[in-house]
1. Any chance you could count how many residues in the stretch 32-86 are part of a helix (DSSP H, G or I), exposed (fewer than 12 other Cβ atoms within 10 Å of the Cβ) and at pLDDT 85 or above?
2. What's the total number of residues in the stretch 11-31 that are assigned to a helix (DSSP H, G or I) and in contact with a helix residue (DSSP H, G or I) (Cβ under 7 Å, 6 or more places away or on another chain)?
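The values are calculated or read from the model by the stated rules, or taken from the named source; none is laboratory data. Since we're looking at a predicted model, the values are computed, not measured. Reconstructed Cβ throughout: ideal geometry from the backbone, glycine too, with neighbour counts over all protein chains shown.
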């Protein structure tokens, strides 16, 4: 279950299916991934239920090593922390740009 969002884009997509922060053509996939996350309580379930190809579930490194990422469509990702079956600090971002 998603406990909280860390940015407006993720919250808008979840509530309204749209955010000006990401291209419109990515919104449907982002909404699908957020819906799966909200209905899931393990990362393995996310891999199984998250059948959209190339979600690229992976753990981040460095100062963000406590976070995970799934790909909407490059360069946009949903990043999050995961603990005790819950997703929190869920954010839609391009964390690759420096």
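1. 2
2. At the first step, the residues of the stretch 11-31 found to be assigned to a helix (DSSP H, G or I) are 11-16, 24-31.
This time we only want the ones that are in contact with a helix residue (DSSP H, G or I) (Cβ under 7 Å, 6 or more places away or on another chain), so: 13-14, 27, 30-31.
Residues meeting the conditions: 5.
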